[in-house]
1. So, in the range 78-97, of the ones that are assigned to a loop (DSSP other than H, G, I, E, B) and at pLDDT 95 or above, which residue ends up farthest from the chain's Cα centre (by Cα)?
2. Considering only helices (runs of 4 or more DSSP H) fully contained in the range 282-358, which possess at least 2 residues that are touching a helix residue (DSSP H, G or I) at 6+ places or on another chain (Cβ under 6 Å)?
3. Test of understanding: among V377, V371, which residue is hydrophobic (A, V, I, L, M, F, W, C), under 25 Å from A409 (Cβ atoms) and modelled with pLDDT of 95 or more?
4. Would you confirm, using the coordinates I've provided, whether V404 is in a strand (DSSP E or B) and either at pLDDT 95 or above or surrounded by fewer than 24 Cβ atoms within 10 Å (Cβ to Cβ) (or both)?
5. Pick out the one residue from A192, A158, A166 that is among the aliphatic types (A, V, I, L, M), within 20 Å of I356 (Cβ to Cβ), surrounded by 20 or more Cβ atoms within 10 Å (Cβ to Cβ) and out of contact with any strand residue (DSSP E or B) (no Cβ under 6 Å at 6 or more places or on another chain).
6. State which residue pairs qualify: first residue over 23 Å from F148 (Cα atoms) and polar (S, T, N, Q) and inside the range 333-359, second residue surrounded by fewer than 24 Cβ atoms within 10 Å (Cβ to Cβ) and at pLDDT 95 or above in any location, beta carbons under 7 Å apart, and separation of 6 or more residues or different chains.
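The values are calculated or read from the model by the stated rules, or taken from the named source; none is laboratory data. Remember, it's a predicted structure, so these values are computed and weren't measured experimentally. Every residue, glycine as well, gets a Cβ built from its backbone with ideal geometry; the counts of neighbours run over all protein chains shown.
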Amino acid sequence: MRTWTLLAIAVGGMACETKPKPAAPPVMPSQPTATGAAETAREMPMPKPTATPAAAAAPLATSSNAFGFDLWSRLRSTPGNLAISPASISTALAMTWGGARGETAAEMKQTLRLDVDADAAMTGWGKLAAALQDEARSLKLRIANRLFGEQSYRFEPAYLDRTRAAYGAPLEPLDFAKAPEPARAHINKWVADRTEQRIKDLLPPRSIVSDTRLVLVNAIYFLADWQDQFEKHATTEQPFAIAPGKTRPAMLMRRRGSYRMAKADGVAVLELPYAGGDAAMVVVLPDKIDGLEAIERSLDAARLAAWTQALAEQEILVWLPRFVVDPPAAMELGKPLQALGMARAFDPERADFTGIANPPKPADRLYIGEVFHKAFVKVDEKGTEAAAATAVVMPRGAGMPRPVPEFKADHPFLFFIVDKASGLVLFMGRVDEPKAP
């Protein structure tokens, strides 16, 4: 299985693309410039994993999962197949929150469901990311963070030091002011390179303008084989019901084996472990063909946790479609995040990110212009590949043998890719109609 996720947060200021204002006088960067872009932006090592990453990460994983379901409630009306990475979005926004102050910081903390302070969150996410990427684990999980900043803009050294230490996120200077489009292309290439080319064009045209001052990016790449792989010869074309009385052909994989499953609340829940047992995919299949909407409407982190706690091992005949979720364009999360309570961060007049940069002129101060997110998930007989990225863009002013129980995912379902040690939901998604890889 291969999955990718990406988040870009674009941060800028008062001016907008349609009604440009005169450019503000340049503010010299606070970091030493003699080192140059190559030195400043070189890849930084993540903090080393702690001896007990699961225990240390549990509060952050709980917060990230709760926030992920909150956000899903605002996104679920999006038609068709859908996937997000709560872990990627939480990481990028927590990195941004580290420089928020006052009511802006309070709103972000509440929206992100965090119960620790910004420094503890930054440190915790850094340690969790390091633990997730431990080379001793049997799966491949890579996490990359970076800040791309306007080369003439002054950023707070303390913030740059904290993000570099906690997230391995260096600052790379770019010329947003005079060359926004080449800067956008550079960031998109960085993202593509760190997600095995699965996440392309995270930042759409005109998402970076001359007033952009900072883009914070998180990228996650996941690759894991099933603990028990499906045999390709057992995969057959079967009808997949996209609605009552309406089917489409889909390639359904089939395997009989020992799996953990539970039935409750009108759903069947199946856990498919990845090799080594470090992660698993949890599939939630409504009993009714058209039952997914009702399940999504009432779904939250607590219900998913209750379902997974009820799982019991038994012999099961599993049918699961091959599928790929590969959206053509990134999602814009600004409006959903504001609806969840993060309004000040997007308000040029009220946003307070003076912990990131504190220029003397209010018109030069930062706010979140948009948050872009894109996730890719591919499931086949061998396993799962996934990737995602998030960017926060900030302008100034992103007898027969006894029959066994059957789990047949031949109608719309939800899936969750979960880190077993911490409980962190790395990816979550919906398959309305399988698109075979």
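1. N81
2. Correct list: 334-339.
3. Of the residues listed, the single one that is hydrophobic (A, V, I, L, M, F, W, C), under 25 Å from A409 (Cβ atoms) and modelled with pLDDT of 95 or more is V377.
4. Here the answer is no, as V404 does not meet what is asked.
5. A166
6. Pairs that qualify, where the first residue is over 23 Å from F148 (Cα atoms) and polar (S, T, N, Q) and the partner is surrounded by fewer than 24 Cβ atoms within 10 Å (Cβ to Cβ) and at pLDDT 95 or above, are Q338/F346.
Here is a yes/no grid of residues against (1) in a strand (DSSP E or B); (2) at pLDDT below 90:
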| site | (1), (2) |
| --- | --- |
| T104 | no, no |
| D119 | no, yes |
| A131 | no, yes |
| R142 | yes, no |
| N145 | yes, no |
| F148 | yes, no |
| L160 | no, no |
| A166 | no, no |
| R213 | yes, no |
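One line per residue, one yes/no per condition, for (1) in contact with a helix residue (DSSP H, G or I) (Cβ under 9 Å, 6 or more places away or on another chain); (2) within 28 Å of D432 (Cβ to Cβ):
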residue	(1), (2)
G68	yes, yes
T78	no, yes
N81	no, yes
A94	yes, no
T111	yes, yes
